[in-house]
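Peer 1: My structure is below; once you've seen it, I'll send some questions.
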Amino acid sequence: MTDLDLRLVRYFAAVASHLHYGRAAAELHIAQPSLSRQISQLEAQVGARLFDRTRQGTRLTEAGEAFLPHARALLRISGQATAAARSAAQPTRITVGYTAGLIVTPAVRNVRHRRPDADVRTLHLEWHEPREALLDRRVDAVLTRLPLRTDGLRVTILHDEPKMLLIPVGHRLVGRKSVTLADIEAEPIPRFPDREWDAYWRIDPRPGGRPAPDGPPVETIEDKLECIAAGQAVAIIPAALHTGGLRPDLTAIPLHGVEPGQVVVATRAADRSRLVAAFRTAARDCLTGSVEHC
């Protein structure tokens, strides 16, 4: 029996997620040639080739497809084991995650004030990470936005958040005080790989059942901004992303006639930690809108 190196398994999962060695290497903060060598080392341990690299890109082999769910399970169990040990050894530690444009500071400051014995840490998460980060115990609470799969989680809505239209500075709609979906009926909007997230932020289907226009595929917010700045698309965004500052070649306009987004705090449903409960209370008290109550 071969003992797998969990570090190599994590590298494999990153490449499998991106199907691109360059992007996976950037996420892992290692050089691409080094990542390639690590994957080759894992393939030697497993005894099978896990990826095919062609001119069309990187894809999983049949062996890689079979290995992937088990690799993810190994990483999840490893994270849970580590977190459980740390929790037992340091019962006054909590890590709070947050996603783009959301400010968690008032609630964190509140918990630190009320629980001076607590070690309260924060961790920025990408748009697709909150649920996974909670379940693998990288974080104990998350400030994020809907949509979010809620099974296994406890989710509380904190406040509504207006939506805006993000456009390049040379767009025909620049100068308008507000716009509606009718103004962008034929405008392409970047597509994300998560179907629920994609449908929500593209408002697909549109009122009346019409499909939203297709746009260029992207995986990160940075890729989306680049597509918009290049004039390839427009995007519907949370208002907080605009107020937080954008690239100088982009501008945002209030989007009327659509449901607002919702900002939420999420924790693991079975978590009975008093410190997690304290943070949930602080989030409700301090993060219920644009005005800070703490």
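Peer 1: Just want the ordering: VAL179, VAL263, from fewest to most Cβ atoms lying within 10 Å of their own Cβ.
Peer 2: Arranged by neighbour count, lowest to highest, VAL179, VAL263 become VAL179, VAL263.
Peer 1: At a 10 Å Cβ-Cβ cut-off, how would you order HIS159, HIS113, fewest neighbours first?
Peer 2: HIS113, HIS159
Peer 1: So if I restrict to the alpha-carbon atoms in the chain, what is the Rg, and what is Dmax, the biggest pairwise distance, in Å?
Peer 2: 21.3, 66
Peer 1: In the chain, if the dipole is taken from +1 on Lys/Arg beta carbons and -1 on Asp/Glu beta carbons about the Cα centre, which of ALA133, TYR200, HIS113 is farthest to the positive end?
Peer 2: HIS113
Peer 1: Taking the Cα centre of the chain as origin and charging only Cβ (+1 Lys, Arg; -1 Asp, Glu), how large is the dipole, in debye to the nearest 20?
Peer 2: About 720 debye.
Peer 1: OK, next. How big is the antiparallel share of DSSP beta bridges in the chain, given as a percent to the nearest 5?
Peer 2: Antiparallel bridges: around 70 percent, rounded to the nearest 5.
Peer 1: Something else about it: Quick query: amide H of THR251 versus all other amide H atoms, modeled in the peptide plane; which residues come in under 5 Å with a sequence gap of 5 or more or a different chain?
Peer 2: Under 5 Å from the amide H of THR251 lie the amide H atoms of ILE167, VAL169, each far enough along the sequence or on another chain.
Peer 1: For segment 181-284, which trypsin sites (Lys or Arg not before Pro) are both in a DSSP coil and crowded by at most 15 other Cβ atoms within 10 Å?
Peer 2: Loop-located and lightly packed - ARG272.
Peer 1: With Rg and the Kirkwood Rh both taken from Cα atoms, where does Rg over Rh land for segment 19-160?
Peer 2: Here Rg/Rh amounts to 1.05.
Peer 1: A further question on this structure: Within the set of other residues whose C-beta is less than 14 Å from the C-beta of PRO130, count the net charge using Lys and Arg as +1 and Asp and Glu as -1.
Peer 2: So the surrounding residues net to -1.
Peer 1: Which GluC sites (Glu not before Pro) from segment 23-82 combine a DSSP loop assignment with at most 14 other Cβ atoms within 10 Å?
Peer 2: Filter output for segment 23-82: empty list.
Peer 1: Which one of PRO248, ALA233, TYR98 has its Cα pushed farthest toward the positive end of the charge dipole of the chain, where Lys and Arg give +1 and Asp and Glu give -1 at the Cβ?
Peer 2: With unit charges placed on the Cβ atoms, the residue in question is TYR98.
Peer 1: Please compute, for the alpha-carbon atoms of segment 232-288, the extent along each of the three principal axes and give them in descending order in Å.
Peer 2: Here the spans come out as 47, 25, 22 Å, largest first.
Peer 1: Say the dipole of the chain comes from +1 at the beta carbon of Lys and Arg and -1 at that of Asp and Glu; which of PRO217, THR156, THR61 then lies farthest toward its positive end?
Peer 2: THR156
Peer 1: So what's the projected area for segment 6-74, the Cα convex hull averaged over all directions, in nm²?
Peer 2: With every direction weighted equally, the projected area is 4.2 nm².
Peer 1: At a 4.7 angstrom Cβ threshold, list every cysteine in the chain that has nobody to pair with, or say none.
Peer 2: CYS227
Peer 1: Ignoring everything except DSSP H segments at least 4 long, calculate the 222 nm mean residue ellipticity for the chain; use -39,500 (n - 2.57) per segment, divide by total residues, nearest 500.
Peer 2: Roughly -12000 deg cm²/dmol at 222 nm, from the helical runs in the chain.
Bear in mind that the values in this text are calculations on the coordinates, not laboratory data. Note that the structure is predicted; figures quoted are calculated from it, not measured. For neighbour counting, all protein chains shown are included, and Cβ atoms are generated from backbone atoms with ideal geometry for every residue, glycine included.
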